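Since the structure comes first, as structure tokens, the remarks are kept for the end.
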Amino acid sequence: MAVYADLREEGLALETLVRDLPDAGWAEPTPAPGWTVAHQIAHLHWTDRAALISVTDPEGFTALVEEAVKSPDSFVDEGAEEGAALAPAELLARWRAGRGALDAALAAASPDTRFPWYGPPMKAVSMAGARLMETWAHGQDVADALGVRRTPTARLRHVARIGVRARDYAFAVRGLPAPAAEFRVELAAPDGGETWSYGPPQAADRVTGPALDFCLLVTQRAHRADLDLTATGPGADRWLDIAQAFAGPAGPGRAPGTAR
């Protein structure tokens, strides 16, 4: 269950970027319109709390979903805004405590139980992978805001796997039919060693390139034009235009030429 340890490490890696920031640093704008560094951390705290409620109190999570349905276009921003209004030290402390509580709950959860979410229900291992993906993605926003270049790690394997598994969702959320055949995805690991491979080797449609670039694409943290990814076949080519690893409506993504 390395994903649990990797989730903890991803949270700690992001914490090192923000824990010594002056208050002015928390107010730095990030690539997400209207969101500062504080908004990014507040959003992660908010979603970690939602995940904790999902794992420990499914009925309580139903109440969260009912609240979200009342304001589907604004509940995410409202959650981030509420946390961003806190003093940075208080926000950091709450996020740190929330991460610890979620880590413990996921590790103690039944491995076969599916827990409710805003997308499809997930088992604890999948929930941990999803939380890691979101922590990494919003951490990229923070890094971009602070002008920091992060070193990619093998933890990206979890992000890449979700991106591959979410292929059909990316088509469905745009009202498009999903390709009938599986794709082959071959990604160069960050350390330059093994290749991370998904899908049948004989697949006609293929995607190849660095794992980091693929993860930036499926989390919509960089535009396809700014990444070193190659698509073979019309289905794979279309997928790279719309790929997303996260639940929810299709995001606009980054404009070309804006990747840092």
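The values are calculated or read from the model by the stated rules, or taken from the named source; none is laboratory data. Note that the coordinates shown come from a computational prediction; the quantities given were computed from them, not determined experimentally. Glycine also receives a Cβ, built like all others from the backbone with ideal geometry; neighbour counts cover every protein chain displayed.
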(request) Output the number of residues of segment 71-92 satisfying the condition of being more than 24 Å from A250 (Cα to Cα) and not in a helix (DSSP H, G or I). (result) 3
(message) Which numbered condition in (1) at pLDDT 95 or above; (2) under 18 Å from E82 (Cα atoms); (3) outside any helix (DSSP H, G or I) is the only one that L44 fails?
(response) (3)
(request) Give the residue, chosen from R254, R206, that is within 21 Å of D141 (Cβ to Cβ), charged (D, E, K, R) and either outside the structural domain of R165 (by TED's automatic domain parsing) or more than 19 Å from the chain's Cα centre (by Cα) (or both). (result) R254
(message) Among the listed residues R99, R114, R150, R94, identify the single one that is closer than 21 Å to A32 by Cβ, surrounded by fewer than 16 Cβ atoms within 10 Å (Cβ to Cβ), basic (K, R) and at pLDDT 95 or above.
(response) R150
(request) Can you give me the number of residues within segment 208-226 that are among the aliphatic types (A, V, I, L, M) and surrounded by fewer than 18 Cβ atoms within 10 Å (Cβ to Cβ)? (result) 1
(request) Select, from A32, A68, the only residue that is modelled with pLDDT under 95, of a type in the set (A, V, I, L, M, F, W, C) and either part of a loop (DSSP other than H, G, I, E, B) or in contact with a His (Cβ under 8 Å, 6 or more places away or on another chain) (or both). (result) A32
(message) Take the residues in segment 110-129 that are in contact (Cβ under 8 Å) with a residue 60 or more places away in the chain and part of a helix (DSSP H, G or I); name whichever of them is nearest to the chain's Cα centre (by Cα).
(response) G129
(message) Pull out all pairs, ordered by first then second residue, where Cβ-Cβ is under 7 Å, the residues are six or more apart or on different chains, the first lies in segment 14-36 and is without any contact (Cβ under 8 Å) to a residue 24 or more places away in the chain, and the second is surrounded by 14 or more Cβ atoms within 10 Å (Cβ to Cβ) and among the β-branched types (V, I, T).
(response) A27/T36
(message) Regarding segment 99-109, can at least one residue be identified that is in the same structural domain as G79 (by TED's automatic domain parsing), within 15 Å of the chain's Cα centre (by Cα), within 30 Å of W26 (Cα to Cα) and of a type in the set (A, V, I, L, M, F, W, C)?
(response) no
(message) Six or more apart or on different chains, Cβ atoms under 8 Å: show the pairs whose first residue is in segment 59-86 and more than 15 Å from W35 (Cβ to Cβ) and in the same structural domain as V37 (by TED's automatic domain parsing) and whose second is modelled with pLDDT of 90 or more and of a type in the set (V, I, T).
(response) G60/I53; F61/I53; L64/I53
(request) Return the only residue of A63, A89, A85 being loosely packed, with under 13 Cβ neighbours inside 10 Å, of a type outside the set (F, W, Y), out of contact with any Cys (no Cβ under 9 Å at 6 or more places or on another chain) and modelled with pLDDT under 95. (result) A63
(request) Please work out if T47 is among the hydroxyl-bearing types (S, T, Y), farther than 26 Å from A104 by Cβ, touching a helix residue (DSSP H, G or I) at 6+ places or on another chain (Cβ under 9 Å) and in contact (Cβ under 8 Å) with a residue 24 or more places away in the chain. (result) no
(message) Restricting to segment 181-199, name every residue that is modelled with pLDDT of 95 or more and small (G, A, S).
(response) A181, A188, A189, S197, G199
(request) Out of R174, R165, report the one residue that is surrounded by fewer than 21 Cβ atoms within 10 Å (Cβ to Cβ), of a type in the set (D, E, K, R) and closer than 29 Å to V55 by Cβ. (result) R165
